[in-house]
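Below is one structure; the comments refer to it alone.
The values are calculated or read from the model by the stated rules, or taken from the named source; none is laboratory data. Predicted, not measured: the structure shown is a model, and the values here were computed from it. Positions of Cβ are generated from backbone atoms using ideal geometry, with glycine treated the same way; all protein chains shown enter the neighbour counts.
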Amino acid sequence: MNDAPLIRRITAEEYEPVGRFLREANEQDYDLPESYLSQMQRTAERDETAAVMVAVDRDSGELLGTITLPFAGERLQDDTDEDELDIRLLGVAHAARGKGVARHMLAYCAEIARERGLRRVVLHTGSHMPGAQRLYERLGYHRIPERDFEIFEQGERRFVISYGLNV
């Protein structure tokens, strides 16, 4: 893929395949609880309360990636300030990795933040996701350690790390 992917709102026909590849990508790469993996697959539910976006190949229409962002004036996370755009569930299909899909989706989110007059894009990631952390840092995201927190799921402690990008 030489051209930037087309980034647009998901269609109902794409709910199941996007949920499946998001789950599969995370299941293969990370040791995540079943409850969280199951939540990732509920794409139709998520699209009712937020904007689930997809990246597709401009020529073939192949689904390459997904990211969720709030509707204008809303937030996805409780710790998001009013002048921030919080994003969730960035995922790239295994076959599309290394082709700049995540970079294009994150640039799209930064553009949406600017269009909405917001100052920063923010997100959370897991401490067990070093590849994601490297990507965010490479793209200019900075840590927001005061927003880091711990969760306990299925008897296991997990650390959630916060990042932001000033736009």
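What strands (runs of 3 or more DSSP E) completely inside the stretch 1-111 contain at least 3 residues that are under 25 Å from PRO145 (Cα atoms) and in contact (Cβ under 8 Å) with a residue 24 or more places away in the chain?
Hits in the stretch 1-111: 84-86, 88-92.
Tell me which residues, restricted to the stretch 81-102, are over 17 Å from ARG8 (Cβ atoms) and touching a Lys or Arg at 6+ places or on another chain (Cβ under 9 Å).
Listed by number, the residues that qualify are ASP81, GLU82, ASP83, GLU84, LEU85, ASP86, ARG88.
Surrounded by 12 or more Cβ atoms within 10 Å (Cβ to Cβ), at pLDDT 80 or above and of a type outside the set (Val, Ile, Thr), is that true of ALA55? Write out each step before concluding.
Details: surrounded by 12 or more Cβ atoms within 10 Å (Cβ to Cβ): yes; at pLDDT 80 or above: yes; of a type outside the set (Val, Ile, Thr): yes.
Taking the combined requirement at face value, the residue satisfies it.
Is one or more of the residues making up the stretch 132-141 under 28 Å from LEU63 (Cβ atoms), touching a Phe, Trp or Tyr at 6+ places or on another chain (Cβ under 7 Å) and aromatic (Phe, Trp, Tyr)? Steps first, please.
Going through the stretch 132-141, the residues under 28 Å from LEU63 (Cβ atoms) turn out to be 132-141.
Then drop every residue that is not touching a Phe, Trp or Tyr at 6+ places or on another chain (Cβ under 7 Å), which leaves 136, 141.
This time we only want the ones that are aromatic (Phe, Trp, Tyr), so: 136, 141.
Checked the stretch 132-141: at least one residue is under 28 Å from LEU63 (Cβ atoms), touching a Phe, Trp or Tyr at 6+ places or on another chain (Cβ under 7 Å) and aromatic (Phe, Trp, Tyr).
List pairs: first residue in the stretch 116-141 and over 14 Å from THR80 (Cα atoms), second residue among the hydrophobic types (A, V, I, L, M, F, W, C) and part of a loop (DSSP other than H, G, I, E, B) anywhere in the structure, Cβ distance under 6 angstrom, at least six positions apart or on different chains.
Note: pairs meeting the criteria are ARG116/ALA72.
Is the stretch 76-88 home to any residue that is surrounded by fewer than 20 Cβ atoms within 10 Å (Cβ to Cβ), modelled with pLDDT of 95 or more and at positive phi?
No, the stretch 76-88 contains no residue that is surrounded by fewer than 20 Cβ atoms within 10 Å (Cβ to Cβ), modelled with pLDDT of 95 or more and at positive phi.
Mind checking whether some residue in the stretch 119-128 is modelled with pLDDT under 95, of a type in the set (Ser, Thr, Tyr) and surrounded by 14 or more Cβ atoms within 10 Å (Cβ to Cβ)?
Checking the stretch 119-128: at least one residue is modelled with pLDDT under 95, of a type in the set (Ser, Thr, Tyr) and surrounded by 14 or more Cβ atoms within 10 Å (Cβ to Cβ).
For residues in the stretch 129-167 being modelled with pLDDT of 95 or more, part of a strand (DSSP E or B) and among the hydrophobic types (A, V, I, L, M, F, W, C), which is nearest to LEU32 (Cα to Cα)?
ILE161
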